[in-house]
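Reading through the structure tokens given below for one structure.
The values are calculated or read from the model by the stated rules, or taken from the named source; none is laboratory data. Since we're looking at a predicted model, the values are computed, not measured. Cβ atoms come from the backbone with ideal geometry, glycine included; neighbour counts cover every protein chain shown.
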Amino acid sequence: MAKARPIPLIILMIKTVVWLNWRSSIRMRASLAGWLALDLETRRAIIDAALVEAGVRALPPRPLGEHVVADLMAFYFRSSEANDLAYRALINREVCRPIAITTRKPAAL
């Protein structure tokens, strides 16, 4: 049996996040300021705990609807743009290109 498409679940997660944070723009700004005031390790621990609670064990190959953060990370980090930034070169991993180009060193970004 085919797995259900995650799009409705993703939309629901995003609407929930937007609704919870958009109720009060002052609260949202305070929340963002509070988030930015946290040190990097604390922010990582909070995100990690949310992903563990959702049962996300690894970055999925594509958005699967397990958790909105994991889906957004998968969407970006599995992209050609992220690959290019990681290597600081115009690799265009997911772009169709002639074989002759693959034998040359990619141009720097």
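Overview of results
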read-out: Number of positions in the range 64-76 that are within 9 Å of the chain's Cα centre (by Cα) and surrounded by 13 or more Cβ atoms within 10 Å (Cβ to Cβ); value: 8
read-out: Single condition P6 does not satisfy, out of (1) surrounded by 13 or more Cβ atoms within 10 Å (Cβ to Cβ); (2) at pLDDT 85 or above; value: (2)
read-out: Selected residue (criterion: surrounded by the most Cβ atoms within 10 Å (Cβ to Cβ)) from residues of the range 77-90 that are in a helix (DSSP H, G or I) and over 12 Å from the mean Cα position of the chain (by Cα); value: D84
